[in-house]
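Structure first, commentary second.
The values are calculated or read from the model by the stated rules, or taken from the named source; none is laboratory data. Worth saying up front: this structure is predicted, and the values here are computed from it rather than measured. Note that each Cβ is placed from the backbone with ideal geometry, even for glycine, and that neighbours are counted across all protein chains shown.
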Amino acid sequence: MRVNFQSLLITLLMLSYSGYLYAQAHTVTGKVTDSETGSGIPGATILEQGTTNGTSSNLDGNYSITVSNPNAKLEVSFVGYQTTIVEVNNQNVINISLFFQTTELEELVVIGYGVQKKKVVTGAIASVSAEEISATPILRIDQAMQGRTPGVLVTNLSGQPGEAPTVRIRGAGTTGNSDPLYIVDGMAVGGIDYLNPGDIESIDVLKDAASAAIYGARAANGVVLITTKGAKKGEMNVTYSGYRGIQNVSKTIDMLNANQYKMIWNEARRNSNLTETFDLNEIPKHNTNWQEHLFQKNAPITNHEISVTGGNEKSTYASSMSYYTQQGIIGGDKSQFDRITGRLNSRHEVNSNFRFGSNLAYSHIIRRGIASNQSFNGAYSSALNLDPLTPLYEEDEYELSNDPYASEPVVTNPDGKVYGISKIVGAEIVNPLALLEIQNAQTRVDKVVGNIFGELEIIEDLKFNTSLGIDMAYVLNDSHRPLFYLNGAQLNVEKTSVSKVIDRYYTWQWENTIAYSKIIEDHNFSVLLGTTASKFNFENLFGFNAKVPVTDPNHVYLNMATDTVWEARGGASHAALLSTFGRLTYDYKSKYSFTGIIRRDGSSKFGPNNRYGIFPSLGVSWVISDEEFMPNIHPINFLKLRASWGVNGNQEIGDYQFISVMDYSRGYIFAGGRMIGASPAYIENADIHWEESEQIDIAFDIGAYNNRLTATIDFYNKTTKGLLERIPIPAHVGNDPPYANVGSVRNRGIEMSFNWRHYIEGVKYSIGINGAYNKNKMIVIGNEDGVLPGATWAVAGMVTRTELGLPIAYFWGYKTNGIFQSQAEIYQHIGITGEVLQPNAKPGDVRFVDVNKDGVINEKDRTMIGNPTPEWTFGMNGSIEYKQFDFSMLLIGTYGNDIFNGSQRQDLYYTNRTTAILDRWTEEKPSKDTPRVTWYDVNNNHRVSDLYIEDGSYLRIKNVQFGYTLPENLQKRLKAKTLRFYVSAENLFTITKYTGADPEIGAMSSFDIAIDRGIYPQARTFRLGTTMTF
Amino acid sequence: MKNYITKLAKALLVVLLLSSCEDFLDLKPLDQVVSSNFYQTEEDALKALVAVYDVLTYQSTPGVSWAPFLTMSDILSDDAYAGGADANDGMDENEFNTFNIPTTSLLAHSIWIKNYIGIYRANLYLEIIDGIDATDDFKSRTIAEVKFLRAYFYFEQVRFFENIPLLTATIKGPSEYQQEQNTPQEVYNQIALDLVQAISDLPTSVPAAEAGRITKWAAQALLARVFLFYNGVYNADLNAGGTTVNQAYVLTQLEDLITNSGHDLFENYQDNFKLVGEFGIESVFEISHGDTPPWWDWGYPRGGNGNLAAQMQGPRVTGSQKWNRGWSFATVNHKLAQDLAGDPRFQYTILTEEELDGTLVKGYQHTGYYSKKYSSDAEHWGSDGQFELNRTCNFRVIRFSDVLLMAAELGSANAQTYLDRVRIRVGLSSIPATPENIYRERRLELSLEGIRYFDVLRKGLSFAGQQLTHSISGPNYVGDQQIFQVTFNSNTKGFLPIPQTEIDLSAGTLVQNDGY
């Protein structure tokens, strides 16, 4: 929230000065202008230095002042501009141009339960403005932080519309849920996809523990404060903004064509002394490029929103409606996100000491999705692995009259064309278009988030605030399973079925705060005390039946099902949080600042042994440049040092995990029928307690070149202790493990941002660069092997691990050392005791490293082969405005991260391969990095090794926008206040060494990061949009 | 103004008071029962007992592969290959088939996990039963049942893995997580002890509606099977807490069973694998499968009660009236077909592709033969649910004919009679009850019932090497001969590897088996 104090200050200043001094009177006149535009600044203060004698400029910026002597100095100031001192030096006319102060030090930053002047903020808070939010066509507000907030890593999970991106503030602070806490207008919400980005005024990210401590037990992963656009006084403004765009795939992967495919697999057979499968002389009937069929051309994206703001002295309002729809580039309407939102924010001043208001938002979301990064059931995975010999549609009459087409419920497209079925590749690799055809899952959400709040000024400077909020949602999940036959392994030939789940979420939150602030001369105090109570409730209902006669898969209801296998289930859960907190802030002349916070949280998620947690923090800052002794180091004009320490908590585990419950899903059928059994669902651990994250932050804020250049550099060290994890325990314990506090993780890093803004000769431009370095390391793991299991890939088992001394979810596998070029090399590859390590290998096979040097290559040689989390993340934005034209650009990138490229199913026979296989090792053309192809992989070349690991660093032009604002006279003729058109391009270009479709791969879970299982890539989007205000 | 402050102070006080209100935070599960105060009544105990029985039907564990005992042990034996749709489909099974089992095998891990779940629930039952308000009869009977079940799980575990931790109480906390492996002798002695105790407390008969619950006879028969394997492999007797379980002891139990149990052979051999024979006179111990509740969840098949082995072993056939679509795992070896050639039991043991109506899709290691005993036959289609997950055929773990042959093998005075009974029932003539003939009769009578592999192993490693290494080709085999060649790896003595995950979690406490 940025509040302009301009008018207030002018009034104050007007009131505060009175009387003139007449001694050696010397009159100076002139004009105060903006250094950049040259236009006059009205209301600027012109003060004779060292006196109370002053005046202010008139509407045109002109002023006149009579000073005490001809050698006096004038101090010229205006809010938002650099204060300038000029010597009168006997002149009678002095024109003064003021420089815009770009640090926005007077701006207010949202800090949780209040705002604070940026200059006195002691913590690390990154902000995103409404202007920045509107620059890219984001569906979800969390995407606005990408590239703009150093230390906040935002990674899109995939290119599927509506999926929640992975957001990590200062690294993965836990092995559990590492998502930050989202607070929207003071209300802690569960999920933010209901928000229309156009409604958002600002995002403020509390990165350090000291800032976040005000949210105590839930703040360990950082806090994102989202403020919606508030009501504004004045005449009614109606703004329409909207855009339409088209999306296309930006990169496809080169796969083998039919002839190459046949040649490779024949060679594989030959290399294992088997007969060749394919006759190369026969011209293949089909040469299907699956990707070409899979990706939609010009998938649409559309957004319309209208907002109305206005109000009188007593009541103000801001309301909006929006409609957003986006189809994915895979699957079209099978992968679609639609959202309608409505919002009404209002404020009312009852009298001078009582105000109240409300925020109310309703959203309706329809989400249809497909598996976006899956080895099994992933459309893109199938497209990359299915052979090119299979046709998209089987049109051969002979084939159609035979099995499986003749006897099985094969899948057809809406026009009745029959999707081809591979005769060669089986298992989970199927015709991807047929796979999409049978996807019918749909989620519909109706959500209301709102709060009413009142503020009572009891006595001057003592304010009581109360706020009652709700967050409720109904989520309806539909699923219909038709009859289908994709291949011999992927089929449902018996019964169609339908299921419906309805979930109801309801959370209320009641907050009360008392705030007292006082300025005593240069001492500025404020105290805040508050309480929060909140309760979460969940209930659901599930229904299922089979045999649904269906013509339209989009309209399937339980009543239509004719079977008798009715199934109904329903459950409920609840959780509560009860907290008290206090904050003390103090600053002296805004030069020395102090913030102290303490919060005590009680949570129903923990047992009586450890129900309460206390989370303290301290922060100090010192504006060194305000010190008299500070020498003037050109060009630096502002320097602030900040330091903070704090402890936050994390409680994101399921409910009641401190007790074990009975699982009634046991049962046994005796002759008399089935009897129900029950046993504990998991082992009990009553002692679980909060995860505790302790963090130190030291930072500099710098301004230079009259604050045209601003920079912030933060150093932090964050350690989370007592990680709550269902840590693997030996299976002989006989039941599932309990949650336990079993680990510690440390994140250390540096964040930097530099911004340059300038206005020269009618050109206004800015450049911002930010970068963040983070190093993540597990420092305690509380089980015997010091290992937490990670993600699995295809059928290879575990490919990531979390281990003591190493980063969370590192890639785990064999190390390789090239390709055996000759039999001699195989014999030379020996272990410590001299035996041949890979006796079954042949030239062209992979040389694996005996990492543990025990003389054999086996499971124990698996080691760290890559790190999915970037060391460096960076963002770069630039904008330039000239007359009616504007241009902006956003670049994002990562460095030092790896990707597990598992989009190729090398474990399966007859899968298609990328053209990289054409460089394989052959006797004629030996390769140094790509092994030979074989049918019997006796050397197990395809086992999980560093051959799967690729450099995932990238630099992406996320957004380029070019806009044109109509000249004022034209706008006036159209009765518009502003009217702007723009074109933009998203994901225009990506520089990366990664060979897969998209290097941006989010975390499917804390342990499943950057594994490419055939990732649904992000679209390249071109948009045409407009914003008009009337 | 003062009034305001007073009001405000009051309001704040309320809020602060609320924050120390325990009740607001003391939330218990709404839709679940807390386990710490569950075990009170006889009815609760019965639920706990059923939870132990439940594990008998587990053929997969969450996150790990399908690994039915029957299918796994037959694939290990010389009765069956791995099979499956294609080489990819049956890859893990093929590792079993070719004795090339990685320590990371998910199938081995699945078996390991399953049996320890059963052992945990059994141990838990033995701990909670003291606090239950129930009659002494109820307690002694159910304790005996649970001891039988614990012995059953341990026997399966130790037969597969040989060196396993022996736990007779539930683990109380992290400090007890690490458990060293016990010697096979200790484990087998505990099994013997549990069974000997169970024999004395188990009922000799159960009401019809309770059929499926353990009887004394089941415990006696299992003890004999345990003894034969242990004695065969380790050449020693068992010690059941001071009672020596030797050949004579076991034989006495079997004679008691044969004479007094009322168990007998079916007139028709094939009834053993039909609905009509379920919980029948020939079944000494039977694991029950069925389609209640109808099950649909592929992600958690053990929540249902279907026989997954039967689904896996069924022929991959479509459009058939007699066979539902199976997955063609554990395709039957021509070696068994040869041994059964001319035997009346052939037609009830082996399903040949010639018998199939509909369209057959030939999978990996197609031999032209499938198991007929446990298969996707029409009779056992579940009436509800996802058909693959709801096969209803019960698994006859110990049949009376097995009991007769075990008694004969152990040197019963009635050995000839017993052998004759088994042969005459299927229309074969009497042959002398020599050890060789009795042993050979086991192969013919009990093939494809999960018995063969352990019968081979207990005859010593050189015998196992002869039997389990084979490359016979059959007339209907499809594919390169190479994929039908199997070589036994005697370094492992036929045992499975201790799952690597468990070794990793044990910080060196668990030691890998020889040969891995």
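Taking A:E835, is it more than 30 Å from A:L890 (Cβ to Cβ) and among the acidic types (D, E)? First the steps, then the outcome.
On the way: more than 30 Å from A:L890 (Cβ to Cβ): yes; among the acidic types (D, E): yes.
Criteria met by A:E835.
Grab the strands (runs of 3 or more DSSP E) fully contained in the stretch A:917-1030, keeping just those with 2 or more residues being of a type in the set (K, R). Show your work before the answer.
Working: elements: A:949-951, A:954-965, A:978-992, A:1003-1005, A:1019-1029.
Filter on the stretch A:917-1030 gives A:954-965, A:1019-1029.
Within the stretch A:863-894, can you find the residues that are buried (at least 21 other Cβ atoms within 10 Å of the Cβ) and under 19 Å from B:T104 (Cβ atoms)?
In the first step, residues of the stretch A:863-894 are kept if they are buried (at least 21 other Cβ atoms within 10 Å of the Cβ); the result is A:865-870, A:873, A:875, A:877, A:888, A:890, A:892-894.
Of everything in the stretch A:863-894, just one residue is buried (at least 21 other Cβ atoms within 10 Å of the Cβ) and under 19 Å from B:T104 (Cβ atoms), namely A:I865.
Hey, among the residues in the stretch B:490-510 that are more than 14 Å from chain A (Cβ to nearest Cβ) and not in a loop (DSSP other than H, G, I, E, B), which one's nearest to B:G460 (Cα to Cα)?
Here the residue is B:S490.
Any residue at all in the stretch B:62-73 that is facing chain A (nearest Cβ under 7 Å) and either among the hydrophobic types (A, V, I, L, M, F, W, C) or not in a loop (DSSP other than H, G, I, E, B) (or both)? Please lay out each step first, then the result.
Pass one, the stretch B:62-73, residues facing chain A (nearest Cβ under 7 Å): none.
No, the conditions are met nowhere in the stretch B:62-73.
Each row is one residue, and each column tells you yes or no for (1) modelled with pLDDT of 95 or more; (2) out of contact with any helix residue (DSSP H, G or I) (no Cβ under 8 Å at 6 or more places or on another chain); (3) at negative phi.
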residue	(1), (2), (3)
B:V196	yes, no, yes
B:P203	yes, no, yes
B:A209	no, yes, yes
B:L228	yes, no, yes
B:N231	yes, no, yes
B:G241	no, no, no
B:V245	yes, no, yes
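When you go through B:Y125, B:Y116 one by one, which is the residue that is over 26 Å from B:L351 (Cβ atoms), over 15 Å from the mean Cα position of the chain (by Cα), in a helix (DSSP H, G or I) and within 13 Å of chain A (Cβ to nearest Cβ)?
B:Y125
Counting only residues that are more than 18 Å from B:E286 (Cβ to Cβ) and of a type in the set (D, E), which one in the stretch B:199-237 is farthest from the other protein chains (Cβ to nearest Cβ)?
The qualifying residue farthest from the other protein chains (Cβ to nearest Cβ) is B:D237.
Of the residues that sit in the stretch A:655-682 and are touching a residue at least 12 places away in the same chain (Cβ under 8 Å) and in contact with a Gly (Cβ under 8 Å, 6 or more places away or on another chain), which one is farthest from the other protein chains (Cβ to nearest Cβ)?
Keep residues of the stretch A:655-682 that are touching a residue at least 12 places away in the same chain (Cβ under 8 Å), which gives A:655-664, A:666, A:676-682.
Pick out the ones that are also in contact with a Gly (Cβ under 8 Å, 6 or more places away or on another chain) and you get A:658-659, A:664, A:666, A:676-677.
Working: A:F658: 10, A:I659: 5, A:Y664: 8, A:R666: 4, A:I676: 6, A:G677: 3 Å.
Ranking the candidates gives A:F658 first.
Looking at A:A144, A:A135, which one is over 30 Å from A:T595 (Cα atoms), at pLDDT below 90 and out of contact with any Gly (no Cβ under 7 Å at 6 or more places or on another chain)?
Values: A:A144 fails: over 30 Å from A:T595 (Cα atoms).
Result: A:A135 is the single residue among A:A144, A:A135 that is over 30 Å from A:T595 (Cα atoms), at pLDDT below 90 and out of contact with any Gly (no Cβ under 7 Å at 6 or more places or on another chain).
Can you pull out the residues in the stretch B:297-315 that are at the interface with chain A (Cβ under 10 Å from one of its Cβ atoms) and either among the small types (G, A, S) or surrounded by 24 or more Cβ atoms within 10 Å (Cβ to Cβ) (or both)?
Within the stretch B:297-315, B:G303, B:G304, B:N305 meet the criteria.
Between residues in the stretch B:160-172 that are over 22 Å from B:S73 (Cα atoms) and residues that are small (G, A, S), which pairs lie under 8 Å by C-beta distance while being six or more apart or on different chains?
What qualifies is B:L167/A:G734; B:T170/A:G734; B:I171/A:G734.
Which of the numbered conditions does A:G749 fail, given that it passes all the others? Conditions: (1) more than 14 Å from chain B (Cβ to nearest Cβ); (2) without any contact (Cβ under 8 Å) to a residue 40 or more places away in the chain.
Single failed check for A:G749: (2).
Considering only the stretch A:609-653, state which residues are aliphatic (A, V, I, L, M), farther than 20 Å from A:L206 by Cα and more than 27 Å from the chain's Cα centre (by Cα). Talk me through it step by step, then tell me what you get.
The initial filter retains those residues of the stretch A:609-653 that are aliphatic (A, V, I, L, M), namely A:614, A:618, A:620, A:623-624, A:630, A:633, A:636, A:639, A:641, A:643, A:647, A:653.
When the remaining residues are screened for being farther than 20 Å from A:L206 by Cα, the result is A:623-624, A:630, A:633, A:636, A:639, A:653.
Matches in the stretch A:609-653: A:V623, A:I624, A:M630, A:I633, A:I636, A:L639.
Being within 25 Å of A:G673 (Cα to Cα), away from chain A (no Cβ under 13 Å) and not basic (K, R) narrows it down to one residue among B:S375, B:S283, B:S383, B:S371; which is it?
On the way: B:S283 fails: away from chain A (no Cβ under 13 Å); B:S383 fails: away from chain A (no Cβ under 13 Å); B:S371 fails: within 25 Å of A:G673 (Cα to Cα).
Only one candidate qualifies: B:S375.
If the requirement is being hydrophobic (A, V, I, L, M, F, W, C), modelled with pLDDT of 90 or more and surrounded by fewer than 21 Cβ atoms within 10 Å (Cβ to Cβ), which of these qualifies: A:A643, A:A686, A:A678?
Values: A:A686 fails: modelled with pLDDT of 90 or more; A:A678 fails: surrounded by fewer than 21 Cβ atoms within 10 Å (Cβ to Cβ).
Every option except A:A643 fails the conditions.
If you take the residues of the stretch B:316-362 that are assigned to a loop (DSSP other than H, G, I, E, B) and small (G, A, S), which of them is surrounded by the most Cβ atoms within 10 Å (Cβ to Cβ)? Reasoning before the result, please.
Within the stretch B:316-362, the subset assigned to a loop (DSSP other than H, G, I, E, B) is B:316, B:319-322, B:324-328, B:330-331, B:333, B:341-345, B:356-358, B:361-362.
Remaining after also requiring small (G, A, S): B:319-320, B:326, B:328, B:330, B:341-342, B:358.
Details: B:G319: 14, B:S320: 19, B:G326: 24, B:S328: 30, B:A330: 34, B:A341: 9, B:G342: 8, B:G358: 17.
That would be B:A330.
For the stretch A:461-484, what are the residues that are facing another protein chain (nearest Cβ under 10 Å) and closer than 19 Å to A:F354 by Cα? Write out each step before concluding.
At the first step, the residues of the stretch A:461-484 found to be facing another protein chain (nearest Cβ under 10 Å) are A:462, A:464, A:466, A:481.
Residues satisfying the conditions are A:L462, A:F464, A:T466.
Would the stretch A:877-895 turn up any residue that is within 30 Å of A:K775 (Cα to Cα) and either within 14 Å of chain B (Cβ to nearest Cβ) or in a loop (DSSP other than H, G, I, E, B) (or both)? Give the derivation first.
If we filter the stretch A:877-895 for residues that are within 30 Å of A:K775 (Cα to Cα), which is where we start, we get A:877-878, A:889-895.
Add one more test, that the residue is either within 14 Å of chain B (Cβ to nearest Cβ) or in a loop (DSSP other than H, G, I, E, B) (or both), and what stays is none.
No, there is no match, as no residue in the stretch A:877-895 is within 30 Å of A:K775 (Cα to Cα) and either within 14 Å of chain B (Cβ to nearest Cβ) or in a loop (DSSP other than H, G, I, E, B) (or both).
Out of (1) more than 11 Å from chain A (Cβ to nearest Cβ); (2) of a type in the set (S, T, Y); (3) closer than 20 Å to B:A144 by Cβ, what's the single condition that is false for B:S175?
(3)
Given the conditions (1) more than 10 Å from every other protein chain (Cβ to nearest Cβ); (2) in contact with a Leu (Cβ under 7 Å, 6 or more places away or on another chain); (3) of a type outside the set (D, E, K, R); (4) closer than 30 Å to A:Y586 by Cα, and given that A:I502 satisfies all but one, which numbered condition is not satisfied?
Looking at each condition in turn, A:I502 falls short on (4).
Note down all Cβ pairs under 9 Å where the first residue falls in the stretch A:516-534 and is away from every other protein chain (no Cβ under 14 Å), the second is assigned to a strand (DSSP E or B) and among the basic types (K, R), and they're at least six residues apart or on different chains.
These pairs meet every condition: A:S517/A:K463; A:N524/A:K518; A:F525/A:K518; A:S526/A:K518; A:S526/A:R583.
Among the residues of the stretch A:67-118, count how many are modelled with pLDDT under 85, of a type in the set (S, T, Y) and not in a strand (DSSP E or B).
Matching residues across the stretch A:67-118 total 4.
Give A:I183, A:I264 a once-over and let me know the one that is under 30 Å from A:K535 (Cα atoms), modelled with pLDDT of 90 or more and not in a loop (DSSP other than H, G, I, E, B).
Matching residue, one of A:I183, A:I264: A:I183.
Please count how many residues of the stretch A:243-301 are among the β-branched types (V, I, T), farther than 22 Å from A:S382 by Cα and under 40 Å from the mean Cα position of the chain (by Cα).
Within the stretch A:243-301, the subset among the β-branched types (V, I, T) is A:246, A:249, A:252-253, A:264, A:275, A:277, A:283, A:288, A:301.
Within this subset, residues satisfying the condition of being farther than 22 Å from A:S382 by Cα are A:246, A:275, A:283, A:301.
Going one step further and asking which of them are under 40 Å from the mean Cα position of the chain (by Cα), we end up with A:246, A:301.
Qualifying residue count, the stretch A:243-301: 2.
Given the residues A:N817, A:N783, which is the only one that is in a strand (DSSP E or B) and of a type outside the set (G, A, S)? Spell out the reasoning first.
Details: A:N783 fails: in a strand (DSSP E or B).
One residue alone meets the criteria, A:N817.
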